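To keep things clear, I will list the structure first and then write my remarks on it.
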Amino acid sequence: MDKLEMRHTLLAAKARKQLSWEAIGSAVGMSPVWVASACYGMNSASHEVAHKLCDVLGVDSEAADALKAFPTKAWDEAIPQDPFVYRLYEVVGVYGETLKDVVQEKFGDGIMSAIDFTMEVDKVEDPKGDRVLLTLSGKFLPYKSW
């Protein structure tokens, strides 16, 4: 089973069992955001987590083998059409250089790691309409001079 077939298998099992990412993450002892990313094929899981995840979703060990495989992190370079994904793309397009400049003023010349990284998604209730709170936390990696 490759990552794409694994993705379809796991997402179908999630829908069939009517489980939330929060419930799945809690059952396997991992962040719901990370678990979703692994199920979408963008992260690899340890042997233990892969098998727990397959048990929770009721799928066979072929999916666990695919979960353990190292991913090729690639995405379609076309502008996303899904409104939610497009808005994130728009945020980076509009604010990317600004964020880079502000981070570099505070930390120096470098980047934020997407490897030593965590992300949380929270709902903030607001009388004017609930808000989405995305918290991205990546280790700062300074560029080296040699």
What number of residues in the range 10-64 are surrounded by 14 or more Cβ atoms within 10 Å (Cβ to Cβ) and part of a loop (DSSP other than H, G, I, E, B)?
10
For the range 122-146, how many residues meet the condition of being modelled with pLDDT of 95 or more and under 15 Å from Gly110 (Cβ atoms)?
5
Can you confirm whether the range 15-22 contains a residue that is touching a residue at least 12 places away in the same chain (Cβ under 8 Å) and closer than 24 Å to Ile115 by Cα?
yes
Sole residue being closer than 21 Å to Met42 by Cβ and among the aromatic types (Phe, Trp, Tyr), chosen from Tyr143, Tyr86:
Tyr86
Out of (1) in contact with a Lys or Arg (Cβ under 8 Å, 6 or more places away or on another chain); (2) under 27 Å from Ser137 (Cβ atoms); (3) not in a loop (DSSP other than H, G, I, E, B), the odd one out for Pro71 is which?
(3)
Quick one: which residue in Ser26, Ser37, Ser20, Ser44 is of a type in the set (S, T, N, Q) and in contact with a helix residue (DSSP H, G or I) (Cβ under 7 Å, 6 or more places away or on another chain)?
Ser44
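The values are calculated or read from the model by the stated rules, or taken from the named source; none is laboratory data. This one's a predicted model, so the numbers in the text were calculated from it and none came from an experiment. Ideal geometry is used to build each Cβ from the backbone, glycine not excepted, and the neighbour counts take in all protein chains shown.
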